[in-house]
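Scroll down for the structure; my scribbles are underneath it.
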2 protein chains.
Amino acid sequence: MAEPGPVHSAALPTVLPTVLIVGGGFGGLRAARALAGAPVRVVLVDRQNHHLFQPLLYQVASATLSPADIAAPIRHVLRTQGNAEVVLAEVASVDLEARQVQLREGAPLAYDFLILAAGSRSSYFGRDAWAELAPGLKTLDDALEMRRRFLLTFERAEQEEDPEIRREWLTFVIVGGGPTGVELAGTLKEMARLSLPREFRRIRTDRARVILVEAGPCILANFGSGLSEKAVQGLERIGVEVRLGQPITAIDARAVELGGERIPTRTVLWAAGVSAVPLGAGLGAPLDRLGRVVVEPDLSLAGHPEVFVVGDLAAFAHGPEGPLPGVAPVAIQQGAAAAANLLATLAGRPRRVFRYRDKGSMATLGRGKAVAHIGRLSFTGYPAWLAWLFIHLMLLVDFRSRVFVFFEWLWAYLTTQPRARLILGKRDLRS
Amino acid sequence: MAEPGPVHSAALPTVLPTVLIVGGGFGGLRAARALAGAPVRVVLVDRQNHHLFQPLLYQVASATLSPADIAAPIRHVLRTQGNAEVVLAEVASVDLEARQVQLREGAPLAYDFLILAAGSRSSYFGRDAWAELAPGLKTLDDALEMRRRFLLTFERAEQEEDPEIRREWLTFVIVGGGPTGVELAGTLKEMARLSLPREFRRIRTDRARVILVEAGPCILANFGSGLSEKAVQGLERIGVEVRLGQPITAIDARAVELGGERIPTRTVLWAAGVSAVPLGAGLGAPLDRLGRVVVEPDLSLAGHPEVFVVGDLAAFAHGPEGPLPGVAPVAIQQGAAAAANLLATLAGRPRRVFRYRDKGSMATLGRGKAVAHIGRLSFTGYPAWLAWLFIHLMLLVDFRSRVFVFFEWLWAYLTTQPRARLILGKRDLRS
């Protein structure tokens, strides 16, 4: 194996193996970076031009942060990595035999190694009609649409004369008690309670109902004992209503139904679940019930050691942890491990079995409130919130985002007036 | 007249006259603020929820600033003004006899006084088919669409094998040599020259052609002698091509035509002119050639002393300055003057004739370069650029924007890497 070191693409002999990475999220980007300086040509394909820091996406939906705060152009992140190039394109399918990837438009891309890190999308468990009624939260466009709907409801409530319809406008239902649903519910309630009241003359925004609905018996199910109850208490203290064990049975333009009850609302936001992107279905490998590709212990595809699948697209069920959740730390560790195994093969060394190291979980509940477990430690309240702030700032992909997000948060905390409360897009004020 | 002072809307007797303001831009917002504490009920209607600092809109188009940096929710700006309320709605027409305003949706709004400050929109001088091919720059949505097109062209050029088509992608034509066109050309060229080169592997973004086309004999025509030539020199020094005296005669998806020459390009941006919104046409008053409503010396509508027209919607041709241009300082001063005349009438005092005080004009040409005239002083280069920075920061409507824009500019200046380079919206990568 050649001495690792910076290699400029112009100087790359064409015999270098091509590593094609599909997806510039946590898994794909980490894999690309792990291949810096290696004697390979890295081609990263994504249909977006930016890497997105998804754990903070709900803060764009709640008008706290701007898109540029939590996203960086993939090209920018990889600009100094001479052996990497970036292609903005959507992958349609993988031809395992020909070792090439078909794009929606343009010529196919050939590979010697393939790392599939194409992620997941909102899933409505077969109720596809709900997608329009209850938008999900996976992309910046999703977040901007959610922000638009959230801010517009107050405008409509302010203009509404009928008190009953006004109450419908001021009722928000968030479906799904995972971290996204919990954090979204907390931040929307805080916005209505702290930021908006002085701006409206006819409505009391602090009386807006925010209802968090979870079909299972508890929220933040994989946070472990105690934290789930603490989270419910924390949310209820700021006024969020939490409904447990009640799956949504119907959604229409004016209400949701759960547990036989009909709750009138004009705004339903979906954080109930994701499934893998359909790309995995064409690989011929077994899929789990979320559509994720079952992978080998080394993260490769059975029968195709040159193909790795990582992150939300992968179902990794080996080892004591059982099936791993679709969260950023799993994707990051798998991206690094896939790159390491690929380099091991190139160097004639054996591959390693992937082992996930769970560093903990945390979720904010509102201003100064959070729940967290790190290792065996569980903590709540202000200390957990500070830990959350610090860790999320550190995880932001580059220095500039850290600085700006820090100041946005400081501003929002001191003034209760986050800056991004803009209604953009569609001109039709009624839809 | 009652003692001016803070009045809370809940305490307002219904006999207070209603001042309806259409438009939350510079003119309308200034008028609303000038009525703070006065014994009137102020209702401000806008179809957007935000006041927009239009002079910096080109920096959103060029991916330097985020929308939240140059826009503030109108409700937020007026939140402490107890006699003001804000309605998010689009005005369809004015019924001068009934003294009410029809909305596109919802019940009409009655008024005792009306201040029309609805502004202008991009004008294609009858070539409406050009609107799709050459987007204008009036709203945040426009700016985001321009940013999307600008950033996508480099992605397409990077993927293009045909060198001729690649050159088409890397050619940008900006139509219109006013401040918007000049600043847009300068900032796009700087982005291509300083920010993007390291991110692409196949194309030389610094060789992208940016062509500024002006139909008249000089750019920045109303900046006065000398500065126009200086501006051309400044732009040419950073590589912008300036074409003077050549109106565009045709635009299609792959080229523009001017002066008998066909310039292949895939990106045409429109900064060539505006006309007043059509609202003025239904008032029965004479309009000027830009569709602006000719107003009386006190800014009122002839025969309707209860109606004022200000800003881009007004044609004010009294006084030595002749017809006033559609710029922010004119709108701001007229908004304040209309409010003052309205209060004079309420108090039984005579109205004043509006007089515009021209404080100067300035435009940036790129990093560290600008042209400015303030009073009789003309200056260029670094001093003009610093003056531009300082004055625009001071004019930003609230403190928070100032702070964040200052840091965004500082960051962009020190690193040449502005943060907002995101491609959002439409998923079709080819359109």
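Observations, loosely collected:
- With all protein chains modelled, accessible area of B:Phe53 [1.4 Å, Å²]: 10
- For region B:177-199, a drop of 30 Å² or more in accessible area on going from the chain alone to the assembled protein chains (1.4 Å probe) is found at B:Arg198, B:Glu199.
- Whole-number accessible area per residue in Å² for the protein assembly as shown, which is evaluated in the context of all protein chains at 1.4 Å: 40
- Top positive-direction residue, dipole computed over region B:137-246 with Cβ charges, set B:Leu235, B:Phe150, B:Leu220: B:Leu235
- With the label put 7 angstrom out from Cα along the Cα-to-Cβ vector, B:Gly360 ends up 5.5 nm from the copy partners, going from closest to farthest.
- Loop-resident sites, region B:137-213, for trypsin sites (Lys or Arg not before Pro), counting at most 13 other Cβ within 10 Å (DSSP): B:Arg202, B:Arg204
- Loop sites by DSSP among the GluC sites (Glu not before Pro) of chain B, restricted to those with at most 12 other Cβ atoms within 10 angstrom, leave B:162-431 as the longest stretch without any of them.
- Between copies, the label points at A:Arg207 (set 7 angstrom from Cα along Cα-to-Cβ) are spaced 6.7 nm, reported in nanometres from shortest to longest.
- Within region A:155-284: Cβ-based charge dipole about Cα centre, in debye rounded to nearest 20 (Lys, Arg +1; Asp, Glu -1): 280
- Shape call, region A:278-347: gyration tensor on alpha carbons, a/c limit 1.5: oblate
- From its DSSP helices (H runs of at least four residues, each -39,500 (n - 2.57)), chain B gives a residue-normalised ellipticity at 222 nm of -8500 deg cm²/dmol.
- Annotation for region A:247-304: trypsin sites (Lys or Arg not before Pro) lying in DSSP loop with at most 14 further Cβ atoms inside 10 Å of their Cβ are A:Arg254, A:Arg289.
- Rounded percent of accessible protein surface that carbon and sulfur make up, chain A, 1.4 Å probe: 55
- For chain B, the longest principal axis of the alpha carbon atoms and the long axis of helix B:227-237 meet at an angle near 40°.
- Cα long-axis angle, helix A:399-415 against chain A (0 to 90 degrees, to the nearest 10): 10
- Antiparallel %, DSSP beta bridges [both residues in chain A], to 5: 50
- Tensor-based shape of the protein assembly as shown (alpha-carbon gyration tensor, a/c under 1.5 rounded, otherwise prolate or oblate): oblate
- Degrees between helix B:328-346 axis and first principal axis of chain B (Cα, 0 to 90, nearest 10): 0
- The rotation axis bringing chain A onto chain B passes closest to the chain A residue reported with its distance as A:Ser66, 2, by C-beta distance in whole Å.
- Each Lys and Arg Cβ is given +1 and each Asp and Glu Cβ -1; about its Cα centre, region A:259-315 then shows a dipole of about 440 debye.
- Farthest toward positive dipole pole in region B:105-188 [+1 Lys/Arg, -1 Asp/Glu at C-beta], among B:Thr180, B:Ala107, B:Tyr124: B:Thr180
- Across the identical copies, how the A:Pro17 labels are spaced - nm, sorted shortest first, 7 Å along Cα→Cβ: 8.2
- Theoretical FRET efficiency, 1/(1+(r/R0)^6), r = Cβ-Cβ of B:Glu257 and A:Glu161, R0 60 Å, to 0.05: 0.65
- FRET E, pair B:Glu97, A:Asp206, Förster distance 30 Å, beta-carbon r, rounded to 0.05: 0.10
- Protein heavy-atom accessible area occluded, A/B pair - total, 1.4 Å probe, Å²: 5500
- DSSP finds beta bridges in the protein assembly as shown, and of those with both partners inside it, around 50 percent are antiparallel.
- Dipole magnitude of the protein assembly as shown, debye to nearest 20 (Cβ charges: Lys/Arg +1, Asp/Glu -1, about Cα centre): 1720
- Rounded, prolate or oblate (a/c below 1.5 giving rounded, otherwise prolate when a/b exceeds b/c) for region B:146-236 by Cα gyration tensor: prolate
- Measuring r between the beta carbons of A:Tyr413 and B:Leu386 and using R0 = 41 Å, the FRET efficiency lands at 0.80.
The values are calculated or read from the model by the stated rules, or taken from the named source; none is laboratory data. Source: prediction; values computed, not measured. Positions of Cβ are backbone-derived with ideal geometry, glycine not excepted, and every protein chain shown enters the neighbour counts. Calculation scope for accessible area: heavy atoms of the full protein, side chains included, ligands and nucleic acids excluded. Shrake-Rupley method; radii C 1.70, N 1.55, O 1.52, S 1.80 Å.
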